[in-house]
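K.L.:
Structure in structure tokens, see below.
The values are calculated or read from the model by the stated rules, or taken from the named source; none is laboratory data. Everything quoted here is computed from the prediction, not taken from an experiment. Using ideal geometry, Cβ is built from the backbone for each residue, glycine included, and neighbour counts are taken over all protein chains shown. Areas reflect the complete protein model, heavy atoms only, side chains present, ligands, DNA and RNA absent. Shrake-Rupley method; radii C 1.70, N 1.55, O 1.52, S 1.80 Å.
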Amino acid sequence: MGKTVLTYGTFDLFHIGHLNILKRLSALGDRLIVGVSTDEFNAIKGKKPVVPFEQRIEIVRSIRYVDEAIPEDRWEQKREDIEKYSVDVFGIGEDWKGKFDDLGDRVEVVYLPRTSGISTTEMKRVLSAFDERHVEELKRTLDSISQIVKELS
Ligand code: C2G
């Protein structure tokens with residue numbers, strides 16, 4: 001049987017950084033299995049995704065580099081998944097460097113460079129700023145309308 005690669009992630013607001021790492025991970029073996037963090041597990045990680053779990057896992061499942069997508073709902077499940085899917089390589093982005101070295105007794109552990117200049121956190125920040133500005137604009141418009149109404153009445 002060919003080499004099986006395993007990784008995990010939230011993949012919220014799926015972007016080129018996510019696509020690049022899945023492409024690179026799939027090139028490390030013959031089968032790529034991706035654990036997609038559930039919304040409940042993300043709450044434990046202190047993250048609140050914009051896109052709900054069911055949609056995130058459907059998107060990841062549809063990526064041509066991905067052979068199988070499974071829910072990730074606990075930190076400890078990595079060791080179980082390694083046994084269950086006879087995994088050869090565990091891979092993840094370098095933002096997790098060293099965090100999963102302990103798995104090295106069972107599989108090859110690789111940390112891959114991240115794609116610079118893109119992150120879900122940054123996208124969320126821009127969106128929220130856009131939101132705020134919109135609210136401000138709306139407030140100003142309403143103020144001038146009520147001013148006009150006052151003057152006309
Ligand atoms: N990534 C990347 N380049 C970016 C952004 C993300 O290579 N510009 C990689 C991350 O390093 C990670 C994967 O994309 O390997 C998914 O990133 P996240 O969705 O942020 O995953 P995270 O919430 O960190 O979940 O148990 C481990 C966790 O589930 C990892």
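K.L.:
Open to solvent by less than 90 Å² (accessible area, probe 1.4 Å), more than 17 Å from the chain's Cα centre (by Cα) and within 13 Å of the ligand (Cβ to nearest atom): does that describe residue 73?
P.N.:
no
K.L.:
Residues 116, 37: which one is within 15 Å of the ligand (Cβ to nearest atom) and open to solvent by 90 Å² or more (accessible area, probe 1.4 Å)?
P.N.:
Only one candidate passes the filter, namely 116.
K.L.:
Oh, and also: If we scan the stretch 99-108, do we find a residue that is within 10 Å of the ligand (Cβ to nearest atom) and not hydrophobic (A, V, I, L, M, F, W, C)?
P.N.:
Yes, the stretch 99-108 contains at least one residue that is within 10 Å of the ligand (Cβ to nearest atom) and not hydrophobic (A, V, I, L, M, F, W, C).
K.L.:
Let me ask something else. Quickly run through the stretch 83-141 and pick out the residues that are of a type in the set (S, T, N, Q) and touching a residue at least 40 places away in the same chain (Cβ under 8 Å).
P.N.:
86, 115, 119, 120
Conditions tested, residue by residue: (1) within 21 Å of residue 17 (Cα to Cα); (2) among the basic types (Lys, Arg).
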{"residue": "42", "(1), (2)": "yes, no"}
{"residue": "50", "(1), (2)": "yes, no"}
{"residue": "60", "(1), (2)": "yes, no"}
{"residue": "63", "(1), (2)": "yes, no"}
{"residue": "74", "(1), (2)": "no, yes"}
{"residue": "107", "(1), (2)": "no, no"}
{"residue": "111", "(1), (2)": "yes, no"}
{"residue": "121", "(1), (2)": "yes, no"}
{"residue": "151", "(1), (2)": "no, no"}
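K.L.:
Turning to a different aspect of this structure: List the number of the failed condition for residue 61; all other conditions in (1) open to solvent by less than 20 Å² (accessible area, probe 1.4 Å); (2) free of Cβ contacts under 8 Å to residues at least 24 places away in the same chain hold.
P.N.:
Just one mismatch for residue 61, condition (1).
K.L.:
Would you pick out the residues in the stretch 35-47 that are in a helix (DSSP H, G or I) and closer than 25 Å to residue 89 by Cβ?
P.N.:
41, 42
K.L.:
Now, a different point. Please enumerate the residues belonging to the stretch 86-98 that are of a type in the set (A, V, I, L, M) and near the ligand (Cβ under 10 Å from one of its atoms).
P.N.:
Within the stretch 86-98, 92 is the sole residue that qualifies.
K.L.:
Of the numbered conditions (1) within 19 Å of residue 5 (Cα to Cα); (2) within 20 Å of the chain's Cα centre (by Cα), residue 119 fails exactly one; give the number of that condition.
P.N.:
Going through the list (1) within 19 Å of residue 5 (Cα to Cα); (2) within 20 Å of the chain's Cα centre (by Cα), residue 119 breaks only (1).
K.L.:
Still on this structure: Out of the residues in the stretch 1-34 that are among the polar types (S, T, N, Q) and either in a helix (DSSP H, G or I) or more than 8 Å from the ligand (Cβ to nearest atom) (or both), which is farthest from residue 90 (Cα to Cα)?
P.N.:
20
K.L.:
Yes or no: residue 50 exposed (fewer than 14 other Cβ atoms within 10 Å of the Cβ), in a loop (DSSP other than H, G, I, E, B), under 16 Å from the mean Cα position of the chain (by Cα) and of a type in the set (A, V, I, L, M)?
P.N.:
Yes; evaluated as a whole, the condition is true for this residue.
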